[in-house]
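Quick notes on the structure that follows.
Where a number appears in this text, it was derived from the coordinates with a stated rule and is not lab data. As the structure is a computational prediction, the values presented were derived from the model and not from experiment. Here the Cβ positions follow ideal geometry from the backbone for every residue, glycine too, while neighbour counts run over all protein chains shown.
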Amino acid sequence: MKINSTVLLTLILLALMLGAGSVSAILGFDIGSKALKGVTTPDARPTTKFTNLANNSQAGVALLREEEILKTVKARIEGKTKAAKTEKPKEEDEDLIAKTENVAEKPKETEEKPQAGFPINTEADGVTFSVQSARFSGGDLIMRVKMQNNSQEPVRFLYSFLDVTDDKGRALSASTDGLPTELAGNGQEVSGTISISASLLDDVSKISLALTDYPAQKLRLELQNIPVSR
């Protein structure tokens, strides 16, 4: 009796285990089915994907023929060329008009009025040297001078040898502008300026200039008693 009861108990336990396993399997399958509901298997074929993309692209974009593209490009190039040719004369006309206006608007240079006591001239060996005017401007005394060589040979000058002295015999520093280092022997008149700082001329009423040729120093041009008035 004891053996039979043990076997019976064992069978009951096995039956319960099988029942529990079956119930668990059924519940798991049901839960899994509900969780995967609506999920489809992906299309693993790449050719199908590319075919669909190609079809969509062809449906959305209209391909042009090569002849039509070339005609369009040619027409645009010809149109730009014609437009450029048409605009170029306009630009040239505008430039010409602007230049004409600038010339018309440019004020004519006013001739300097003669100054009392000027010009002061000197001449040596066919070379003339003259001071046309002497006026104060911008803190300097500006003397406008002219030079002319009527001889046959050119004459060279080095303006660092230009001697400037006041009426008390004091040497003054001066700068030149526009005067040539070589005066050609063609009789052509040249102009320039000699500038002296006004601070050196506070008590000066007259100045003198002396210039020699270079390097021979055989020619000497002297201008004395040039009036200095403020």
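Side notes on the structure shown:
- If you go through region 160-176 and keep only what is surrounded by fewer than 16 Cβ atoms within 10 Å (Cβ to Cβ) and not acidic (Asp, Glu), you end up with 160, 161, 168, 169, 170, 171, 173, 175.
- Test: residue in region 142-152 that is buried (at least 17 other Cβ atoms within 10 Å of the Cβ) and touching a residue at least 60 places away in the same chain (Cβ under 8 Å): yes
- The lone exception for residue 183 - which of (1) under 26 Å from residue 126 (Cα atoms); (2) loosely packed, with under 14 Cβ neighbours inside 10 Å it fails: (2)
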